[in-house]
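J.: Sharing a structure below in C-alpha cells format, with a few things to ask.
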Amino acid sequence: MFSNLEELKEFCRKQEIRLIDFKVVDLAGRWHHLTIPMERFTEKTMKNGIGFDGSSYGFLSVEKSDMVFKPDIRTAFVDPFSEIPTLTMIGDIYTLGEKRARFEGDPRYIAEKTERYMKESGIADYSLLGPEFEFYILDHISFKTTPQHVEVLMDAQQAEWNTDKKDKQNLGYKVLNHKGYHADLPYDSSFHLRNKMVLALEKHGVPVKYHHSENGGPGQVEIEVSFGPLREMADRTMMLKYIVKNTAIANGKTITFMPKPFYGEAGSGMHVHMQLFKNKEPIFYDEKGYSGLSNIALYAIGGILKHAAALMAITNPSTNSYKRLVPGYEAPVSICYATANRSSVIRIPGYAIQPEEKRFEFRPSDATCNPYLAYSALLMAAFDGIKNKIDPVDEGFGPYDVNVYALSEAEKAKIKGLPKSLEEAADALEQDHQFLLEGGVFSKGMIYDQLRRIRADAVQVSIIPHPLEYKMYYDL
C-alpha cells in the first residue's frame, strides 16, 4: 500500500488513523498481533523492529528465542474490524545479533526464498497459484474435553437435522446431507453473508473469482480467489481467513476451516491450482502433450507426486486432516494424476484449454496449513521434478483417467496411497526433505520445528479416549 514512511504518515493524518497494528504469522499459520499508538510509529520502528518471544510462535530451533519483527508497509490496510481507526500491516521476523538478519524459519521469508530460488535456478520467472477455500458457516459450536466429559456440539440452521425443530418458528428449506452444492435461495442461507465477505475481500486486495454453497449440507461453502504469486497469495490467504472469520462473528455466525468437522458429511479442502511462466510465456502448455501439458508440467507433476507423502506433513498438518482423506468422499487418497478426475491427487482441469490457462491442481491440501510453507513446499517439489526430469508415467503415477474408487482391488493396489495419519506424514517428511533444502529455502531447523509440532499434536489426540470407543468396548 505504501512505498515509504512519509506516504504512510500522510495517509494516517488524512484518515485520522489512531493506532498501528502489526500481524506476525506463527509456525502453525495463525496471525498474532501487537498494537501501538500511531505517534509511536517512527523510522526507528522500521529500522529496529519490535521485540517478541519466538518460542511462543513455535520457533524453537534457534539457540535464543528473542526475536524482532519489522513491518512491511507494502501490506498495510485499514482494519475493518477495529472500533478505532487502525492501520494494520504484516511483520517480517528477524533474529538478534551483531547484525539483525531475516530469520531463516520465518514462513514469509521461506516463501520469498522459494520465489528467489525459482528465478535464480532459471526454472521460471514467476508462478501463479490459485487456491479454493472450502469452509463451514455455523450458528453454534461448543466443545469440552475433561477427564469425565468429552463433548462437541455444532449446529447450522440450514442443516437437515433441524427439519423437525419446534422450539421456535421453522420455515423449512433445510439442506439435505451432501446436497448443498450450488444450492439456491432460500436454501442457501449464507448467501448474503458471503456477499459481504467477498466485497470486503475485494476492497482489501483479495480478488475473488466466485463463491457458492458447497456439497456439505450443514453450511459448507466455497470462495475461490483469482491467481497470484506465491508470497502475495500466502498474504492473501491470511487476509481471507481474517476477513471471513471476523465478518462471520460480526453477523452472529462462526467459521471453521477444519478439514472434517462433521462425521458423514463432506470435508473441506484447499485445492491449489499451479502455473509457471518464463519470459512472460506459460511453460505448462504444449498442444501436443497429454491433456495439453508440456514436458515441464509433467515433470512438475512427477516431482509433486514423488514427494506427496512428505508434502502432507506441511500441506495437511493436523490430525483432523486425515479424517477427510479417506476413500469414498471427494477428497483424493491415490497418488496419481489425471484429467478432470477428482479422485486423483493431481487433477488437470479439462476446461482450461488456452495456453495461459493451462495448469494442474493439487487436491489433498487443506486450510489447517501455514500457507507460506504449503505453497512453498508444493513449488519446491515441482521444481525438483523439473530439475531431475521426474516422469510421472515412468514412476507409475498414471495418467488414470478413470474413477480410481471404481477400480478393482488389484488395480487399486498398484497405486500408492497418501499417508493415513499425521504420524505417517511426519515420518515421510523426516525421511524425504532434501528437496526442500535446495537453495537454502527451507532449513533443517524449520523442518525439525514442524515435525516436533505436528508429532506433539498427534500424541495429544491419541491419548484421549474417543466417544465411539465406549460404544464399541464398554461392555467387554
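J.: What helices does the chain have that are whole DSSP H segments, at least 24 Å long along their own axis by Cα, and with mean Kyte-Doolittle hydropathy of -0.5 or more? Present the calculation step by step, with values, prior to reporting the outcome.
T.: Details: long enough: 230-250 (30 Å, 0.09); 371-388 (25 Å, 0.64); 444-462 (27 Å, -0.38).
Span-like helices in the chain: 230-250, 371-388, 444-462.
J.: Still on this structure, I have one more. At a Förster distance of 30 Å, what's the computed FRET efficiency of THR145 paired with PHE191, Cβ-Cβ distance as r, to 0.05? Please report the intermediate quantities before stating the final value.
T.: Numbers: r = 34 Å, r/R0 = 1.15.
The computed FRET efficiency comes out at 0.30.
J.: While we're looking at this one, here's another question. Round to a whole angstrom and tell me the spacing of the C-alpha centers of the range 411-464 and the range 167-199.
T.: 38 Å
J.: Shifting gears a bit: Among the listed pairs LYS119/LYS389; LYS241/LYS306; LYS306/LYS414; LYS196/LYS260; LYS306/LYS444, which are separated by more than 23 Å between their Cα atoms? Write down the numbers at each step before the final one.
T.: Values: LYS119/LYS389 18 Å; LYS241/LYS306 30 Å; LYS306/LYS414 15 Å; LYS196/LYS260 25 Å; LYS306/LYS444 20 Å.
Table pairs above 23 Å Cα-Cα are LYS241/LYS306; LYS196/LYS260.
J.: For TYR263 and VAL393 in the same chain, what is the full-extension length gain: residue separation times 0.36 nm, less their Cα-Cα distance, in nm?
T.: On the way: separation 130, 0.36 × 130 = 46.80 nm, distance 3.59 nm.
43.2 nm is the gain from fully extending TYR263 to VAL393.
J.: Please identify every one of the chymotrypsin sites (Phe, Trp or Tyr not before Pro) in the range 246-284 that sits in a loop by DSSP and has no more than 13 other beta carbons within 10 Å of its own beta carbon.
T.: Values: sites: PHE257, PHE262, TYR263, PHE277, PHE284; in loops: PHE257, PHE262, TYR263, PHE284.
Those satisfying the criteria are TYR263.
J.: Which loop trypsin sites (Lys or Arg not before Pro) in the range 5-52, with loop taken from DSSP, have no more than 15 other Cβ atoms within 10 angstrom of their Cβ?
T.: Counting only loop positions with at most 15 other Cβ atoms within 10 Å, the trypsin sites (Lys or Arg not before Pro) in the range 5-52 are ARG18, ARG30.
J.: Now, a different point. How would you rank 292-300, 48-56, highest first, on the average number of other Cβ atoms within 10 Å across their residues?
T.: Values: 292-300: 22.8, 48-56: 15.6.
Final packing ranking: 292-300, 48-56.
J.: Give the lysines reachable from LYS70 as a straight Cα distance under 20 Å; neighbours fewer than 8 places away on the same chain don't count.
T.: Correct list for LYS70: LYS9, LYS23, LYS44, LYS47, LYS99, LYS113.
J.: Tell me what the chain gives for mean residue ellipticity at 222 nm when only DSSP H runs of n ≥ 4 count, each as -39,500 (n - 2.57), the sum divided by the residue total, rounded to 500 deg cm²/dmol. Intermediate values should be presented prior to the final figure.
T.: Details: 14 runs with 151 residues, N = 476.
Helix contribution divided over all residues of the chain: -9500 deg cm²/dmol.
J.: What is the distance in Å between the Cα centroid of the range 1-72 and that of the range 313-354?
T.: What the calculation gives is 37 Å, centre to centre.
J.: Shifting gears a bit: Please list, by residue number, every one of the GluC sites (Glu not before Pro) in the range 218-305 that is coil in DSSP and has at most 12 other beta-carbon atoms within 10 Å. Each step should come with its number before you reach the end.
T.: Numbers: sites: GLU222, GLU224, GLU232, GLU265, GLU287; in loops: GLU265, GLU287.
Answer by residue number: GLU287.
J.: Still on this structure, please answer the following. Sequence-distant or interchain residues sharing an amide H contact under 5 Å with LEU34, placed H: which?
T.: PHE22
J.: Please compute the net charge surrounding GLN460, taking Lys and Arg as +1 and Asp and Glu as -1 over other residues with Cβ under 15 Å from its Cβ. Intermediate results must be reported in sequence, preceding the final value.
T.: Numbers: positive: ARG452, ARG453, ARG455; negative: GLU423, ASP457.
Once all neighbours under 15 Å are counted, the net charge is +1.
Every read-out reported here was derived from the displayed coordinates using simple, explicitly stated rules and does not represent laboratory data. Since this is a predicted model, take the numbers as computed values, not measurements. In this analysis, Cβ positions are derived from the backbone assuming ideal geometry, glycine residues included, and neighbour counts consider all displayed protein chains.
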